[in-house]
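> Please see the structure below; I have some questions.
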Amino acid sequence: MGKSIEEYDFQKGEILLFDKELDWTSFDLVRKLRNFLCRQTGIKKLKVGHAGTLDPKATGLMIVCTGKETKNIDLIQAKEKEYIATLKLGATTPSYDLETAENETFSTEHITAELVQNSMEKFLGEIDQIPPLFSAVKIEGKRAYEHARKGSDMVLAPKKITISELELVTFSKDEVVLRIVCSKGTYIRALARDLGNALECGAYLVGLRRTRIGNMKVEDAWGVQNFIEKFNADATN
């Protein structure tokens, strides 16, 4: 993060770590960065891509590759990921997160920390997970969320994922915070849904932060605005 703009070679390829802001799509971040780099360097066409999507309501680590480093995106995406997730208990939403309004509520009087811990154990290791219908999975040539927004109630085919660590960070009867270490392809929203079902009280995701991809950590990441200000400052010095 200490390099000046002259020390970067964006066409040869750079791997950049960013902390995505709330309500930005992954594409918002890539587009903003590509536009800035093209203006700053004079490169008319610069390959820029991200290694792993984050939902708009999620924050945290996004790895952006430029130039020839975009060839490594699949390798980076395959790495283990770590998240901090906040789940509201006692209610559900169709999207399993804050993108849609609550559609059902349930009692949480029976919920204890021990019950949550015991229920979490069911999701450790390799499991079958059904992706959310509000997702980018393709069905019949369309993204699943396009079907969902038209009121479809189809169910997606389960996929094999691995959850290697699942820790209860904080507990209350209405909300829990989890630390999750998992494989590529894991939907934390779907884990919230499934844990809510196991607890018989419903649950959905109200906060998600990706903290690590492989050995790359969010504390080493740029804020997008900080990155832009840093390079604008370098360019005028």
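> For segment 12-26, enumerate the residues that are basic (Lys, Arg) and loosely packed, with under 13 Cβ neighbours inside 10 Å.
Within segment 12-26, just Lys12 meets the criteria.
> Considering (1) touching an Asp or Glu at 6+ places or on another chain (Cβ under 6 Å); (2) not assigned by TED's automatic domain parsing to the domain that holds Leu205; (3) not polar (S, T, N, Q), say which one Asp28 fails and leave the rest.
(1)
> Considering only segment 171-213, how many residues are out of contact with any strand residue (DSSP E or B) (no Cβ under 7 Å at 6 or more places or on another chain) and assigned to a strand (DSSP E or B)?
The qualifying residues number 1.
> Let me ask something additional. Take Cys65 and tell me if it is under 21 Å from Arg212 (Cβ atoms), touching a Lys or Arg at 6+ places or on another chain (Cβ under 9 Å), of a type outside the set (Gly, Ala, Ser) and not in a loop (DSSP other than H, G, I, E, B). Outline the logic, then answer.
Working: under 21 Å from Arg212 (Cβ atoms): yes; touching a Lys or Arg at 6+ places or on another chain (Cβ under 9 Å): yes; of a type outside the set (Gly, Ala, Ser): yes; not in a loop (DSSP other than H, G, I, E, B): yes.
Spelling it out, Cys65 is indeed under 21 Å from Arg212 (Cβ atoms), touching a Lys or Arg at 6+ places or on another chain (Cβ under 9 Å), of a type outside the set (Gly, Ala, Ser) and not in a loop (DSSP other than H, G, I, E, B).
> Would you be able to tell me the number of residues in segment 83-117 that are touching a strand residue (DSSP E or B) at 6+ places or on another chain (Cβ under 9 Å), in a loop (DSSP other than H, G, I, E, B) and farther than 17 Å from Gly207 by Cβ?
5
> Pairs, please: C-beta under 6 Å, at least 6 apart or cross-chain, first residue surrounded by 21 or more Cβ atoms within 10 Å (Cβ to Cβ) and in segment 179-202, second part of a helix (DSSP H, G or I)?
Short answer, once both residue conditions are applied: Leu199/Ser119; Gly202/Gly196.
> May I pose another question? Just one of Thr86, Thr53, Thr59 is surrounded by fewer than 16 Cβ atoms within 10 Å (Cβ to Cβ), under 21 Å from the mean Cα position of the chain (by Cα), among the polar types (S, T, N, Q) and under 23 Å from Glu219 (Cβ atoms); which is it? Break it down into steps so the answer makes sense when it comes.
Details: Thr86 fails: surrounded by fewer than 16 Cβ atoms within 10 Å (Cβ to Cβ); Thr59 fails: surrounded by fewer than 16 Cβ atoms within 10 Å (Cβ to Cβ).
Answer to the check: Thr53.
The values are calculated or read from the model by the stated rules, or taken from the named source; none is laboratory data. Just so you know, these numbers come straight off a predicted model, no measurement behind them. Positions of Cβ are backbone-derived with ideal geometry, glycine not excepted, and every protein chain shown enters the neighbour counts.
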